[in-house]
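I have placed the structure first, in the form of structure tokens, so that the comments after it can refer back to it.
The values are calculated or read from the model by the stated rules, or taken from the named source; none is laboratory data. Being a predicted model, the structure only gives us computed values, none of them experimental. Positions of Cβ are generated from backbone atoms using ideal geometry, with glycine treated the same way; all protein chains shown enter the neighbour counts.
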Amino acid sequence: MNPALRIRLLMELRRSGIADTRVLAAIEKVPRDLFVEEPFAHQAWDNAALPIGCGQTISQPLVVGLMSQALEIAGRCKVLEVGTGSGYQTAVLAQLSRRVYTLERHKPLLTQAEARFRLLRLTNIVAMHGDGMRGWPAQAPFERILVTAAAPELPQPLLDQLAIGGILVTPLDTGPDRQDVVRVRRTEAGYSTETLFPVRFVPLVAGVPEDAG
Ligand code: SAH
């Protein structure tokens, strides 16, 4: 891996609004080339989304950075991620948190991601096959929740599983052909939502595929 490519990406992320030094350090540390498929290895350090199989994509590094930053993860958070995909965003979150629980509905993607976590000795990640729209009730509440697929509306089980004082970040369908990342804060008084920036994500899909095995 060419270190110059890594530095070029980090400079681009800084210019584009990633100011949180912990997030920048996490992105610098996680070898994105391990999370893309062989034909795309030479593009691993480009600021681009790439195909990962099962019709899904590994998110663009800028979006991973902005969403991680929006979570305002402080020290020892317990985090839930919905949509493991390649596991890249999970690995970035693992640098920032105490423990990351991650759910993926495509079994082959989950199996590959778990192999990467083992290779990188990321022992604070717990991954499971399942429908992330239902959350992970046995491990709730979570101080932070990140969804990496676009939901038509905020999934109620995830709102329920967010701790008081917690933050949920998700892409949401906000109009015909429009998605925005929104941040939901939960307080004693209830939930408050703010719209952060436009994005383009694959859809959040309920249930697991028939051929999941
Ligand atoms: N964070 C990933 C992005 C993967 S794309 C990465 O960095 O690679 C979004 C992922 O969400 C896809 O893998 C898709 O299968 C998954 N997904 C969509 N709906 C889901 C659901 N209801 N439960 C779990 N995973 C879901």
Give the number of residues within the range 55-88 that are surrounded by fewer than 24 Cβ atoms within 10 Å (Cβ to Cβ), in contact with a Ser or Thr (Cβ under 9 Å, 6 or more places away or on another chain) and of a type in the set (D, E). 0
Considering only residues that are more than 7 Å from the ligand (Cβ to nearest atom) and within 12 Å of the chain's Cα centre (by Cα), which ones fall in the range 91-129? A91, V92, L93, A94, V100, Y101, T102
First in the range 52-74 and on the phi > 0 side of the Ramachandran plot, second anywhere and in a helix (DSSP H, G or I) and within 9 Å of the ligand (Cβ to nearest atom), Cβ under 8 Å, 6 or more apart: G53/L109; C54/L109
Output the number of residues of the range 157-174 satisfying the condition of being within 11 Å of Y191 (Cβ to Cβ) and surrounded by fewer than 20 Cβ atoms within 10 Å (Cβ to Cβ). 3
With the requirement that a residue be touching a Phe, Trp or Tyr at 6+ places or on another chain (Cβ under 6 Å) and more than 6 Å from the ligand (Cβ to nearest atom), what does the range 50-65 give you? L50
Could you identify the single residue in R200, R186 that is within 14 Å of the ligand (Cβ to nearest atom) and either buried (at least 17 other Cβ atoms within 10 Å of the Cβ) or under 26 Å from A94 (Cβ atoms) (or both)? R200
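Name the residues in the range 131-152 that are within 13 Å of the ligand (Cβ to nearest atom) and either surrounded by fewer than 17 Cβ atoms within 10 Å (Cβ to Cβ) or among the acidic types (D, E) (or both), would you?
Taking the range 131-152 first, the residues within 13 Å of the ligand (Cβ to nearest atom) are 131-136, 145-152.
Those that are within 13 Å of the ligand (Cβ to nearest atom) and either surrounded by fewer than 17 Cβ atoms within 10 Å (Cβ to Cβ) or among the acidic types (D, E) (or both): D131, R134, P152.
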Can you find a residue that is part of a helix (DSSP H, G or I), in contact (Cβ under 8 Å) with a residue 40 or more places away in the chain, in contact with a Leu (Cβ under 7 Å, 6 or more places away or on another chain) and under 20 Å from F201 (Cβ atoms) anywhere in the range 101-124? no
Answer with yes or no whether R183 is more than 24 Å from A48 (Cβ to Cβ), out of contact with any Asp or Glu (no Cβ under 7 Å at 6 or more places or on another chain), not acidic (D, E) and not in a helix (DSSP H, G or I). no
Considering A70, A74, which residue is more than 13 Å from the chain's Cα centre (by Cα) and of a type in the set (G, A, S)? A74
Determine which single condition D211 fails, assuming it passes every other condition in (1) at pLDDT 95 or above; (2) outside any loop (DSSP other than H, G, I, E, B). (1)
